[in-house]
Every structure is written in structure tokens, then in C-alpha cells.
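The values are calculated or read from the model by the stated rules, or taken from the named source; none is laboratory data. On a predicted model such as this, the values are computed, not experimentally measured, just so you know. No Cβ is skipped: glycine too gets one built from the backbone with ideal geometry, and neighbour counts run over all protein chains shown.
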Amino acid sequence: MVTASHLPGDRNGFKFFDAYHGGFQKSQVIKMLKIAQDHAQIWFDMGFLPPTSVGNVHCTEYVNWMDHYQQQLEQVLLRQVNHNQTSSLGSENNFPLRGLKIVLNPGNGSGGFFQKVLMNLGADVEGSINIMSDASFPRGIPNPEKDDMIQETISACEAADADLGILLDTDADRCGMVAPRTYTRMVATREDEGTYFKPSNFEPLNRNRLIALMGVIYSRQSPGCAVVTDSVTSNGLTKFLEEDLNLKHIRYLRGYANVIKMARSVNAEMSAIAEVAIETSGHCAVRENGFLDDGTFTALKVLGLLAQERRKNEGTTRHSLLDLLSNLEELDEVIEFRLPGKDNNLESVTRLFDLIALEIENHCEDQSEWSVDRSNLEGIRVLTEPDGGFFLLRKSLHDPVICLQVEASSKAAAKRSITDPLLQLLQAETQTVELLDLSALEHY
């Protein structure tokens, strides 16, 4: 696997995996590279590959698939907005984003190409920021969940009077958005300009909100379908997807590969039609795109919805995409704690997690204010009363860390019903105090 993402540099590059032992030895990797080089030379000699230098194969201007890929993305939006009807050359239907102002922020990563796609579809993208790729990431490593990137995009949207802001991570497989909460009808200073609508009060459209919006899109496109998510999604999201949209919500393991695998499995077993596999991180893969996690594809589906809504209300009023989520119940306090193992040992943290999970389960049996969510498939998820909050304790995917996701109606409610009693429970165990850094919980 060749990978480059928001992870630290030492985790990017070429990764080699053995099906049984997890990884190859260096000598085996060198041998595989030599075999690949020999085969590449053979294919070059047969005329299948472009010119090479000694031991390497270089892509040249003759191997350029981005133009084709961009055209595919454009067709996705045209099909969605035009309901699969073909349009003549130069038709207004070929520019469904005309009249929309879009701010793209790829964070100097690889997603800058998406600006051209938006322009070709008619969008005004002059307010976009951080378009040029720069491996030094002068504005910080792009991450659609990061507050700094969100606030930077909101500022750009305010300056541009944008209808939507799109955030992409380093390799553009994750996306997040910001959208205006309100539109105000304004009278132009020049008579020939008439009136216009000014967007304001921008808010993040990510995590549970993004999943809910994808639910809205596919409830129209594929009524009754299933949406597969990771384990940390909210109880309010489940209620919105199932009760408001009549969809099936399948909550599974953290990790985009896991949710994609589950979606494929659901479809193979024909227990439901899983259209969407999505994490709260912004990793989203949909069935119509072969379950490829692609942040630009996700953004286009949302833009298609925006264009459709704009057509319905042409010239009369402006509605925010956030209005479509008015029934989504959201809790004010949403926070994740990372509790690292003091010895930095993955195996000891794994053993410790099992002990903590057992202790929490025993506590739930003794105390009525906590109840274990038995449908949960990762870690241990505990429902709290009476505000509908919960906490989820799980092992990190990559590091010797225990992750704690907390949702409550307020910080005071989170402390009262979750973090304070949980901290007291953890501190009562000598082994936990010795092996686990609880400072994040203590400072909270």
C-alpha cells in the first residue's frame, strides 16, 4: 500500500503486509522491489510502459488520468441534479452550481484540483484558500475536524459570502464543511442589481451532521436504505436516520476499512441495501462509487443537494442546508479524551482496557444511572440518564491509548453523570493509576 495522509511522516510511504504475520522483513521487501523493477523493465521493453531510468519507472505526460477523473466527478453531480437526463452542449443544466459561491480549503494538500471541477460546474470559487500543494503545510496539517481549519474556512466564507465551505484533508479522502445558518434578504445599492441574499452565522457541518446530511441525500435517492457508521456516532443521529428518514442505521467498528467492509457484507447478505459507509472523521464511501472513500465525491453529493434545494426556492427565499437537519437532536458537550499508557506498551494497555471494561460493566449492574448498550460492537458504550448522553470507551486503532468519547447536554452534566464518577471508578483501581495517564480527565 502507498499511503500519505494526516498521520505523522514516519507512518506514510510504502507499507507491506503479510497475511499471517503482519509485516515483512527488510530483506523480503528489497526482494519484492527487485522483482517489480525487473517486471517493469520487461513491460517497458514490450512497449506497455513509458520511458524509464535505471531501476525506476516514471510516469510522464503520457500517463495522466486526472483529467478523466475530474470529468467523472463532474458527471456525478450532473446526474444527481438533472435526474440522469442528458443535456445539450452549452445547456444551463451543465452548470448546476452557477450562482453558488463555494470556498474550497484543501489545506495545501492534494485536493486543490477540486477547484477546477467546481469551476467547470459553474461555481464561483474565487474565495477559496490554500489551493496550492505544499508538503510543508504552512497552515498546519489539513484535518477537517481541526478547529483551526474550521475557523479559517468560516472566515473565508464570511469574506466571500459563500453558500458552502468545503474542507479536505491531506489526501482528500476525508471532507468536512461549513454552512450558513441564516440568509438575510438584502437590497442592492444599484437599482439594476435588485435584491440578494447574504449568508451569515456559519457553523460546522461535519461529524454527526455530515452523516445525517448524507442520510437525507440517500433517503431521496434510495428510500429505506442502510447507513453504516463507526461506533462513536450519537444517539440523536440514530433517531434522526431511523425515525425521520426511515433508514436503517448500522453502528459498527471505528476505522473506515471496517465500516466499508460491513457495508459490503450487508449488501452481500442482502439483509439491507447499504448505500453509505461513513465515519465521524469525514471518511465516506458510497455504493454508487464502488465504496471508494473520496472526500471530493462526498462534497459533490452535498453540492448536488444544495443545487436541488436552490432550484426549488429560486428567487423567493434561501434556506440553509442546516435547515434539513432541524430534527437532529444534538448535545452541546461532545468531547474525546485520549488516555495514554504510561509505559507506551500496546499489549499492557490492551490488557488494562479489558479490566476497565469489566469494572464498568459491573458498576452498571449495581448503579441505575448507567446502562450498557448491548448493541454496541466496539469497546464498551454506556448510556446515561436523564439527558440522553453516553460515553464510549475503546482502544485506539494505532497507539497504546484508551479513547473516551463523551456526549452530554452540557459540561456540567458530563462531569456530573460521566467523567467524575468514571474518574472515581478508575482511581479506585491501583493498577489503572499505575499504568494509565488520567491527567486529561483530571484537568476536565
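Points to keep in mind about this one:
- For the residues 420, 437, the requirement of being touching a residue at least 12 places away in the same chain (Cβ under 8 Å), in the same structural domain as residue 369 (by TED's automatic domain parsing) and either surrounded by fewer than 18 Cβ atoms within 10 Å (Cβ to Cβ) or out of contact with any Lys or Arg (no Cβ under 6 Å at 6 or more places or on another chain) (or both) singles out 437.
- Total residues in the range 99-119, condition more than 24 Å from residue 309 (Cβ to Cβ), touching a helix residue (DSSP H, G or I) at 6+ places or on another chain (Cβ under 8 Å) and not in a helix (DSSP H, G or I): 2
- Residue match in the range 28-46 (condition: assigned to a loop (DSSP other than H, G, I, E, B) and either modelled with pLDDT under 65 or of a type outside the set (Gly, Ala, Ser) (or both)): yes
- Residues of the range 242-289 classified as within 30 Å of residue 147 (Cβ to Cβ), in a strand (DSSP E or B) and among the hydrophobic types (A, V, I, L, M, F, W, C), total: 7
- Selected residue [over 18 Å from the mean Cα position of the chain (by Cα) and either outside the structural domain of residue 170 (by TED's automatic domain parsing) or modelled with pLDDT under 95 (or both)] from 120, 93, 143, 130: 93
- Residues in the range 374-410 that are in a loop (DSSP other than H, G, I, E, B) and among the aliphatic types (A, V, I, L, M) were compared, and the one that is surrounded by the fewest Cβ atoms within 10 Å (Cβ to Cβ) is 397.
- Filter pass, residue 325 being hydrophobic (A, V, I, L, M, F, W, C), at pLDDT 90 or above and touching a strand residue (DSSP E or B) at 6+ places or on another chain (Cβ under 9 Å): yes
- Leading residue by the ranking (surrounded by the fewest Cβ atoms within 10 Å (Cβ to Cβ)) among those in the range 301-322 that are under 21 Å from residue 273 (Cβ atoms) and out of contact with any strand residue (DSSP E or B) (no Cβ under 8 Å at 6 or more places or on another chain): 305
- Being buried (at least 18 other Cβ atoms within 10 Å of the Cβ), touching a Leu at 6+ places or on another chain (Cβ under 7 Å), among the hydrophobic types (A, V, I, L, M, F, W, C) and more than 20 Å from residue 287 (Cα to Cα) is a property that residue 247 lacks.
- The range 331-352, residues that are closer than 23 Å to residue 212 by Cβ and either modelled with pLDDT under 90 or in contact with a helix residue (DSSP H, G or I) (Cβ under 6 Å, 6 or more places away or on another chain) (or both): 333
- Total residues in the range 208-241 satisfying the condition of being part of a loop (DSSP other than H, G, I, E, B), closer than 25 Å to residue 385 by Cα and among the polar types (S, T, N, Q): the figure is 3.
- Hits in the range 154-177 - residues which are at pLDDT 95 or above, touching a Phe, Trp or Tyr at 6+ places or on another chain (Cβ under 8 Å) and under 20 Å from residue 294 (Cβ atoms): 165, 166, 168
- Considering residues of the range 343-362 that are more than 15 Å from residue 400 (Cα to Cα), surrounded by 13 or more Cβ atoms within 10 Å (Cβ to Cβ) and of a type outside the set (A, V, I, L, M) only, the residue farthest from the chain's Cα centre (by Cα): 359
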